[in-house]
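Taken together, the values in this text are just the output of simple stated rules run on the coordinates, not laboratory data. Because the structure is predicted, anything quoted here is derived from the model rather than measured. A quick note on method: Cβ atoms are made from the backbone with ideal geometry, for glycine too, and the neighbour counts reach across all protein chains shown.
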Amino acid sequence: MNADVTPMNADEGMRAVAIAAVLGSGCATLSLEQAPLGPPGDAARGREVFVSREGGHCVLCHRVPGVRVAGDVGPALEGIGTRLSPGEIRYRVVDITRLNPEAVMPAFHRTEGLARVAPAYAGRPVLDARQVEDVVAYLGSLR
Ligand code: HEC
């Protein structure tokens, strides 16, 4: 028997979406995380992705400290780095419809199952892996 192979240290186990169910007062709260898509991101680049129209344009819906003109369709993200782990933030940015099928927020790193995609964008996510990691680094720094 190989003592090294446990569900938690096996590579597959680390890459898989980690699911931790916390039971309380009769209802279950799911904490879903997603493993990094690449090397650690850069918070300054992530801020650019967050505010720019060519990037995620997240400010259309989210208020963050230091940005005056922002929408309020989504929750304000001040202090998000203390409320959610990087893996939980990544899980939401990649495809929030996994949490809430009715979500107003688009799936930013999903290529399958998208309807009405212009040919030039077919098979391409809105944000590439590096942009996702940069945004995760930026939001993680909001404390
Ligand atoms: C069209 C509006 C819209 C855009 C654009 C948008 N979001 Fe959201 N976002 C939402 C809404 C609404 C929610 C609440 C969950 C839902 O959709 O039901 C949310 C939730 C979140 C959450 C979870 C917040 C929490 O407190 O749990 C994070 C993190 C987040 N968004 C990050 C981003 C990032 C990063 C971008 C840009 C890449 C972005 N959002 C773009 C509307 C938007």
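A few comments on the model shown:
- When residues of segment 43-74 are limited to those that are surrounded by fewer than 16 Cβ atoms within 10 Å (Cβ to Cβ), assigned to a loop (DSSP other than H, G, I, E, B) and in contact (Cβ under 8 Å) with a residue 24 or more places away in the chain, the one nearest to the ligand (Cβ to nearest atom): Val73
- For segment 84-102, a residue qualifies if it is within 6 Å of the ligand (Cβ to nearest atom) and farther than 18 Å from Glu133 by Cβ, and exactly one does: Asn100.
- Those residues of segment 85-108 which are part of a loop (DSSP other than H, G, I, E, B) and free of Cβ contacts under 8 Å to residues at least 12 places away in the same chain, in sequence order: Asn100, Pro101, Glu102, Ala103
- For the residues Glu78, Glu112, the requirement of being assigned to a loop (DSSP other than H, G, I, E, B), charged (D, E, K, R), out of contact with any Ser or Thr (no Cβ under 9 Å at 6 or more places or on another chain) and touching a residue at least 24 places away in the same chain (Cβ under 8 Å) singles out Glu78.
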